[in-house]
Amino acid sequence: MKWFAFLSACLLSLAPLAHAQQAPILIRFSHVVATDTPKGKAAEHFRQLAEQTTGGRVQVRIYPNSELYRDRDELEALQLGAVEMIAPSLSKFGPLGAREFQVFDVPFMFPDTAALHRITQGPIGAGMLQRLRLKGVIGLAFWDNGFKSFSANRPLRTPADLAGLRMRIQPSRVLDAQMRALGAQPTTLRFGEVYDALASGVVDGTENPHSNFYTQDMQDVQSHLTVTDHGYLGYAVIVNRKFWEGLPPDIREALEDAMQEATRYASQIAQEENDRALEAIRASGKTQIKVLTAAERETWKNALAGVGAGLETYIGAQLIADIRRTMAAP
Ligand code: LMR
């Protein structure tokens, strides 16, 4: 009996040790862009915070640059539990049945980042993330990249200059309509394929914020870029629902805090990163940059004015009305 009590005491005293030695909870975070982009940097910031604040009970392993999965594959991998966390561009949520996310693709919908944040960081954004639960994933946050520019191998001074060009798009019906409204031919390609497609002439041009353009060396294969700021490109960070709901509550809370902080960081650096990338593109001397005057911008706005209206029912008329009302409120 004494021996039994002694043995139990020994085992009990070892319990905390066993806990401390447990393998950390692994979060595999897959994404498709370079590490020195707003998304790449925010992911790294999240990794540091998550590992620090959980005292190493969580380990975040980041797979950038489509190293592990490419655009649509990463969505499937997340649903299957092959990775725990991804942050796809908002244009890529179609396969999840969440086409309302394409509202962010509507040209000239958001006048600036402050207006956009009223949506992504407010109740409308929270509602959109909440609705993703029905698709088996949990939406944790919206992360910024920024506004897009058009590029090609000829000057794009007016909207008519895109006529006849094969333009790469992300898989979004709104972006498809946008390119058609300009007389261009949209071609859906994964992000990791864009450089080669531009180099080989499979497509003639593309659109992206400057950080994505520069970190993929697109200045080597695009002679002209026009700063149009015609549409927004951002991300939703999503996790596998079963994984997230199975986490110990204290860990989940610590990760939610780390995510909030990483989101603030992404908002803070995104514009800077894109400005710096534009300067680097200019300095490369390979791509001529045109910045629109206010009057020229109006011409682009007019050329694209019908795109959102034509797809209101598809995206969700109520959502569009709510967004407009929220942005117009004092
Ligand atoms: C693209 O495919 O152009 C972008 O969405 C890539 C990204 O994740 O920023």
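Where a number appears in this text, it was derived from the coordinates with a stated rule and is not lab data. Everything numeric in this text was worked out from a predicted model, so none of it was measured. Positions of Cβ are generated from backbone atoms using ideal geometry, with glycine treated the same way; all protein chains shown enter the neighbour counts.
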- line: Close lysine pairs (the chain; alpha-carbon distance under 20 Å; 8 or more apart or on separate chains) counted at 10
Under 11 Å, Cβ to Cβ, from LYS39 - net charge with Lys/Arg +1 and Asp/Glu -1: -3
query: Using unit Cβ charges (K, R positive; D, E negative) and no other charged atoms, how large, in debye to the nearest 20, is the dipole of region 234-281 about its Cα centre?
result: 260 debye
message: Cut-off 10 angstrom, C-alpha nodes, Gaussian network model of the chain. Which of GLN268, GLN222, GLN22 fluctuates the most?
response: GLN22
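In deg cm²/dmol and to the nearest 500, what is the mean residue ellipticity at 222 nm of the chain if only DSSP H runs of at least 4 residues count, each as -39500 (n - 2.57), divided by the residue total?
Only helices count here, giving -14500 deg cm²/dmol.
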query: What's the center-to-center distance, using Cα atoms, between region 52-77 and region 25-43 in Å?
result: 7 Å
- prompt: Using modelled amide H (1.01 Å from N, peptide plane; none on Pro or chain starts), what sits under 5 Å from the amide H of GLN185, excluding residues fewer than 5 places away?
  reply: GLY164, LEU165, ARG166, MET167
- line: Here region 223-234 yields Karplus 3J(HN,Hα) values (6.51, -1.76, 1.60; θ = phi - 60°; whole Hz; Gly and Pro given as x) of 7, 9, 9, 10, 7, 9, 6, 7, x, 9, 10, x
- prompt: What is the sum of charges around ARG133, taking Lys and Arg as +1, Asp and Glu as -1, for the other residues whose C-beta is under 11 Å from the C-beta of ARG133?
  reply: +2
statement: Checking LYS39, LYS290, LYS92 against a Gaussian network model of the chain (alpha-carbon springs below 10 Å), the top fluctuating residue turns out to be LYS290
message: Quick check for you: which residues of region 206-247 have the amide N under 16 Å from the point 7 Å beyond the Cα of THR35 toward its beta carbon?
response: 215-216
field: Potential lengthening between ASP217 and GLN268 on full extension [0.36 nm per residue; Cα-Cα distance subtracted]
entry: 15.9 nm
message: Using the Karplus curve 6.51 cos²θ - 1.76 cosθ + 1.60 with θ = phi - 60°, what ³J(HN,Hα) values do you get for each residue of region 199-206, in whole Hz, with x for Gly and Pro?
response: 5, 8, x, 4, 10, 9, x, 7
- request: Starting from the Cα-Cα distance between ALA114 and ALA309, subtract it from 0.36 nm times their residue separation and give me the gain in nm to one decimal.
  value: 67.9 nm
field: Relative contact order (%) - region 19-328, alpha-carbon pairs under 8 angstrom, separation at least six
entry: 26 percent
statement: Helix 2-21: inclination vs the chain longest Cα principal axis, degrees, rounded to 10, gives 10 degrees
Separation of the ASP250 and GLN185 label points, Cα + 7 Å toward Cβ, nm: 6.1 nm
task: On a C-alpha basis, how far is the centre of region 111-158 from the centre of region 237-272 in Å? Whole number, if you could?
output: 17 Å
message: With +1 assigned to the C-beta of every Lys and Arg and -1 to the C-beta of every Asp and Glu, and no other charges, what is the dipole magnitude of region 19-328 about the Cα centre in debye, to the nearest 20?
response: 560 debye
